[in-house]
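First up is the structure itself, then whatever we jot down about it.
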Number of protein chains: 4
Amino acid sequence: MIQVTVWNEFRHEKTDEAVKKVYPEGIHQQIAQFLKEDDFSVRTATLDEPEHGLTEEVLANTDVLIWWGHVAHQEVSDEIVQRVHQCVLEGMGLVVLHSGHMSKIFMKLMGTSCDLKWREAQEHCRIWTVAPSHPIVEGIGEYIELEQEEMYGEHFDIPTPDDLIFISWYPGGEVFRSGCTYHRGNGKIFYFQPGHETYPSYYNKEVQKVIKNGVRWCRPTQNAYPNYGHHEPLESITNKKGTEQ
Amino acid sequence: MIQVTVWNEFRHEKTDEAVKKVYPEGIHQQIAQFLKEDDFSVRTATLDEPEHGLTEEVLANTDVLIWWGHVAHQEVSDEIVQRVHQCVLEGMGLVVLHSGHMSKIFMKLMGTSCDLKWREAQEHCRIWTVAPSHPIVEGIGEYIELEQEEMYGEHFDIPTPDDLIFISWYPGGEVFRSGCTYHRGNGKIFYFQPGHETYPSYYNKEVQKVIKNGVRWCRPTQNAYPNYGHHEPLESITNKKGTEQ
Amino acid sequence: MIQVTVWNEFRHEKTDEAVKKVYPEGIHQQIAQFLKEDDFSVRTATLDEPEHGLTEEVLANTDVLIWWGHVAHQEVSDEIVQRVHQCVLEGMGLVVLHSGHMSKIFMKLMGTSCDLKWREAQEHCRIWTVAPSHPIVEGIGEYIELEQEEMYGEHFDIPTPDDLIFISWYPGGEVFRSGCTYHRGNGKIFYFQPGHETYPSYYNKEVQKVIKNGVRWCRPTQNAYPNYGHHEPLESITNKKGTEQ
Amino acid sequence: MIQVTVWNEFRHEKTDEAVKKVYPEGIHQQIAQFLKEDDFSVRTATLDEPEHGLTEEVLANTDVLIWWGHVAHQEVSDEIVQRVHQCVLEGMGLVVLHSGHMSKIFMKLMGTSCDLKWREAQEHCRIWTVAPSHPIVEGIGEYIELEQEEMYGEHFDIPTPDDLIFISWYPGGEVFRSGCTYHRGNGKIFYFQPGHETYPSYYNKEVQKVIKNGVRWCRPTQNAYPNYGHHEPLESITNKKGTEQ
């Protein structure tokens, strides 16, 4: 069974009535709840817990980490970011949601500013599937429509995705690469755009399905971590180049 | 100087008044004209010429071939398609425009159906740059707006582009990967969406700039065609694997 | 349960004693046998059967097709190639082995010559994993060593792989991109190099594991085939561009 | 004229006789010298200069920065790394050579450990071209042979390259992705493996040609830096989804 840890900053929900109304228990609890409908073992962790809830023990028992953050990216300690980064390189999957695009861990893994255009305007959006053979779109049709979502627009300053899964359309005239995968070390990463804190995106069945598919896609490959450093030759290297056989 | 051959089906312009009004000399002549403003050596070729104007001599003197076709894809002979295909594999660049997505040569190079959604509805479109560091967008801003263009929508059944340069937005709710590059053999290919025959897209200065940039990007690399077939070893292969040195 | 059809040209095994000795029942039977150890439903098909064993009914009940061919690529009928091609675009997985790189179906899907360097010299080879997070290398270490394999060398004239999984080393001084994945339409394709007919590569447990992983990776995504053709707008397109709201 | 700054750690050459013998003026001077043969404007910068020679003024006048470092990666100040990083995102090209794979700037741009296997054993190596249509291999044949080079072996812990240009073969049995390109923000990056400090790789004409081609490929695209942040709609967003036109 895939062990998932859902990490949430969990600040908006405590102070903002509009957010509390949508996610009374916190975004992490809503995500945990729909994941539990499937065969996932789920726990949660939040910023204000000791070590942000991401102790070495928790991470050692995490196959895939889901990340939601927004206003408090800078409060995440560099030490924990370094710890999560090392776990990803060693094989832990990472699903980064919505405003997590500017989290320290995502920026560290991408190497770019991860910046973008944005607008909160009660717009609907249409998330087009452009990779119909990818397991992350299993069970999803040609597009997902959300009644309300924050606009995120190009240019999105990310490295070329290994797989571009979704492109979003917004009525205000923008497009956005809203579903992207990456490989980093032994780990796999999936970024997915929906999830503004005042809109009920994580109650949407198709968004839930994509996140579940993403978690499955990100699960660690059971594979030895590669050896690095000095390496003895596997062949005799006394021979010179040429065809003197 | 880069030698460009502009190939056009040249049928709509002869029979359809609306097209004739926009491109009285044919789409190929308009493309040739703006290319000549720069340091390109330009000739044209059309379907109804002998060998569709693509004789071995013409192709031997073509660095980059531009392709526009629509209603008569099936009239292009398989022999000429095979000839152009071989030229691309040997290094000739290919710029495929608009409805050329369903040309025999593009489909043969892609290996997919190259199908898509479409609609002619006098819509405007907005072509977003998603690869700001790519030489094809040199001098282009964040987006290009066209007053009228045919809608082309996802899913566009193409292989994953080597570089995804542009994504288009349409008011009817669709998105489209409208600028894509590919490498095939020694050759480079650029697909660019604008160019419906009844809209004046090839008079647009930014569209012209993108096509010029695309031609430059597609120019052949001065590089020997690789050797294939039986290959003598470059090293002694009498040694066995192991560390017996 | 994933339904696999193992297709083999099945000619060498009938006429060449050296091959018959290694694969007395044919390469397809050996591949079928190790697949049956896992939870796959397996059937076989060969060139000399009616419709090459690839009737519409067989293909309709095939999730993943494995392809081995060598001397008789030209005897595969274009009609069957077209049929298999359509199945791949509609979602059927395809695993192409060894000399299948020059099969009509692989070349049609790639759009290139698929040519390469080769040599039969009883060489060993070492197949290095370069994508440690990919599910196709699940359970595989840093490299696979084969006592004997045909040398295949660069340049391998293929499109840029969507995922480059393995790179092979040969004692004669060559390298080869020996494990490559592609997406085409709704289908997924995996090319894997080992399998010269006179060497026992398909008895190697690690080669078997890679092929099993490859079949799992190629399984169809349960997803609607996209709609193509004329498309009614999903939004009102009466609005003009601008910010007149 | 492309303005190139060649940055070198410049430590080995001061203290190690074997290195001093090969590069008496420093690796940077040898690289600068062959670049000056072409139409490049070249300056150098080294670790022990104020601000490591990479003042804001120098970087503002640098189109492409070449980076060679090895034993003193940790002595490069985080402030300068941040400054160079920002320049790359804004469009400056970066050519990273040899042991620069573990430099702070390369690791920051990649997001991975950038680790690998290595061995100094006076081995020769063969650098195979796998992207014959790429401008970085202009004028280069099927492979480059170096009489002596440090072995760098897989797994090389880097993100999937945007273009994989070269794969190296070593007699000890290893392979290595030795020429890789990346896009980050508005900037382009080229990693190239040759250049161990005790071997004369930078006197090799083909290595020089690749570096020159790499510099040209990395030159900034004359393109506005994208806008990020809050974005007013470009279209009226009063319309609702649907087909109510």
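Restricting to segment C:96-115, name every residue that is on the phi < 0 side of the Ramachandran plot, within 7 Å of another protein chain (Cβ to nearest Cβ) and touching a residue at least 40 places away in the same chain (Cβ under 8 Å).
Of segment C:96-115, the ones on the phi < 0 side of the Ramachandran plot are C:96-97, C:99-110, C:112-113, C:115.
Next cut, within 7 Å of another protein chain (Cβ to nearest Cβ) only: C:108-110, C:112-113, C:115.
Within segment C:96-115, C:L109, C:M110, C:T112, C:S113, C:D115 qualify.
Quick one: in segment A:160-169, which of the residues that are touching a Phe, Trp or Tyr at 6+ places or on another chain (Cβ under 7 Å) and buried (at least 21 other Cβ atoms within 10 Å of the Cβ) is farthest from A:R216 (Cα to Cα)? Let's see the steps before the verdict.
Initially, segment A:160-169 is screened for residues touching a Phe, Trp or Tyr at 6+ places or on another chain (Cβ under 7 Å), giving A:161-162, A:166-169.
Right, trim to buried (at least 21 other Cβ atoms within 10 Å of the Cβ) and you get A:166-169.
Working: A:F166: 17, A:I167: 21, A:S168: 23, A:W169: 26 Å.
Per the stated criteria, the residue is A:W169.
Residue-by-condition table, conditions (1) touching a helix residue (DSSP H, G or I) at 6+ places or on another chain (Cβ under 9 Å); (2) surrounded by fewer than 20 Cβ atoms within 10 Å (Cβ to Cβ); (3) closer than 28 Å to A:I158 by Cα; (4) of a type in the set (F, W, Y):
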position: D:E13; (1), (2), (3), (4): yes, no, no, no
position: D:E17; (1), (2), (3), (4): no, yes, no, no
position: D:I27; (1), (2), (3), (4): yes, no, no, no
position: D:F34; (1), (2), (3), (4): yes, yes, no, yes
position: D:V88; (1), (2), (3), (4): yes, no, yes, no
position: D:V95; (1), (2), (3), (4): yes, no, yes, no
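Okay, residues lined up against (1) in contact with a strand residue (DSSP E or B) (Cβ under 9 Å, 6 or more places away or on another chain); (2) of a type in the set (K, R):
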| site | (1), (2) |
| --- | --- |
| A:Y143 | yes, no |
| A:E147 | yes, no |
| A:F156 | yes, no |
| A:C180 | yes, no |
| A:F192 | yes, no |
| A:E197 | yes, no |
| A:K212 | yes, yes |
| A:Y225 | no, no |
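This table checks each residue for (1) assigned to a helix (DSSP H, G or I); (2) closer than 30 Å to B:E235 by Cα; (3) within 13 Å of chain D (Cβ to nearest Cβ).
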| residue | (1), (2), (3) |
| --- | --- |
| A:F166 | no, no, no |
| A:Y182 | no, no, yes |
| A:K188 | no, no, yes |
| A:V210 | yes, no, no |
| A:R216 | yes, no, no |
| A:P220 | no, no, no |
| A:I237 | no, yes, yes |
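What about D:V58, is it modelled with pLDDT of 95 or more, aliphatic (A, V, I, L, M), open to solvent by 70 Å² or more (accessible area, probe 1.4 Å) and not in a strand (DSSP E or B)?
Values: modelled with pLDDT of 95 or more: yes; aliphatic (A, V, I, L, M): yes; open to solvent by 70 Å² or more (accessible area, probe 1.4 Å): no; not in a strand (DSSP E or B): yes.
Criteria not met by D:V58.
Which numbered condition in (1) in contact (Cβ under 8 Å) with a residue 12 or more places away in the chain; (2) surrounded by fewer than 20 Cβ atoms within 10 Å (Cβ to Cβ); (3) within 19 Å of the chain's Cα centre (by Cα) is the only one that B:E51 fails?
Among (1) in contact (Cβ under 8 Å) with a residue 12 or more places away in the chain; (2) surrounded by fewer than 20 Cβ atoms within 10 Å (Cβ to Cβ); (3) within 19 Å of the chain's Cα centre (by Cα), B:E51 violates only (3).
What do you reckon, is A:T44 touching a helix residue (DSSP H, G or I) at 6+ places or on another chain (Cβ under 9 Å), surrounded by fewer than 23 Cβ atoms within 10 Å (Cβ to Cβ) and either hydroxyl-bearing (S, T, Y) or modelled with pLDDT under 95 (or both)?
Numbers: touching a helix residue (DSSP H, G or I) at 6+ places or on another chain (Cβ under 9 Å): yes; surrounded by fewer than 23 Cβ atoms within 10 Å (Cβ to Cβ): yes; either hydroxyl-bearing (S, T, Y) or modelled with pLDDT under 95 (or both): yes.
Yes; evaluated as a whole, the condition is true for this residue.
Take B:W128 and decide whether it is away from chain C (no Cβ under 13 Å), out of contact with any helix residue (DSSP H, G or I) (no Cβ under 6 Å at 6 or more places or on another chain) and aromatic (F, W, Y).
Numbers: away from chain C (no Cβ under 13 Å): yes; out of contact with any helix residue (DSSP H, G or I) (no Cβ under 6 Å at 6 or more places or on another chain): yes; aromatic (F, W, Y): yes.
Judged against the criteria, B:W128 is a match.
Test B:N213 against the criterion of being buried (at least 17 other Cβ atoms within 10 Å of the Cβ) and at pLDDT 95 or above, and give yes or no.
yes
Only one of A:V71, A:V95, A:V81 is over 22 Å from A:N213 (Cβ atoms), not in a helix (DSSP H, G or I) and not basic (K, R); which?
Details: A:V95 fails: over 22 Å from A:N213 (Cβ atoms); A:V81 fails: not in a helix (DSSP H, G or I).
One residue alone meets the criteria, A:V71.
Residue by residue through segment B:2-41, note down the ones that are over 16 Å from the mean Cα position of the chain (by Cα) and of a type in the set (A, V, I, L, M).
Within segment B:2-41, B:A18, B:V19, B:V22 qualify.
Name, by its number, the condition in (1) open to solvent by 10 Å² or more (accessible area, probe 1.4 Å); (2) under 26 Å from D:S41 (Cβ atoms); (3) at pLDDT 95 or above that does not hold for D:Q222.
(3)
Taking segment B:158-193 as the region of interest, how many residues are among the charged types (D, E, K, R) and over 19 Å from A:F176 (Cα atoms)?
Narrowing segment B:158-193 to residues among the charged types (D, E, K, R): B:162-163, B:174, B:177, B:184, B:188.
Now drop any that are not over 19 Å from A:F176 (Cα atoms), which leaves B:184, B:188.
Residues flagged as among the charged types (D, E, K, R) and over 19 Å from A:F176 (Cα atoms) within segment B:158-193 amount to 2.
Just checking, how many residues over segment D:137-164 are more than 17 Å from D:C125 (Cβ to Cβ), within 12 Å of chain A (Cβ to nearest Cβ) and in contact (Cβ under 8 Å) with a residue 12 or more places away in the chain?
7
Which condition number in (1) at the interface with chain B (Cβ under 8 Å from one of its Cβ atoms); (2) open to solvent by less than 10 Å² (accessible area, probe 1.4 Å); (3) touching a residue at least 24 places away in the same chain (Cβ under 8 Å); (4) in contact with a Leu (Cβ under 9 Å, 6 or more places away or on another chain) is the one that C:G173 fails?
Looking at each condition in turn, C:G173 falls short on (3).
Of all residues in segment B:102-153, which are over 22 Å from B:T198 (Cβ atoms), open to solvent by 30 Å² or more (accessible area, probe 1.4 Å) and assigned to a helix (DSSP H, G or I)?
Answer for segment B:102-153, where residues must be over 22 Å from B:T198 (Cβ atoms), open to solvent by 30 Å² or more (accessible area, probe 1.4 Å) and assigned to a helix (DSSP H, G or I): B:K104, B:M107, B:K108, B:P135.
The values are calculated or read from the model by the stated rules, or taken from the named source; none is laboratory data. Predicted model only: the values in this text are computed from it and were never measured. Neighbour counts are summed over all protein chains in view; Cβ atoms, including those assigned to glycine, are modelled from backbone coordinates with ideal geometry. Each accessible area value is taken on the protein alone, full model and side chains, heavy atoms only, with ligands, DNA and RNA left out. Shrake-Rupley method; radii C 1.70, N 1.55, O 1.52, S 1.80 Å.
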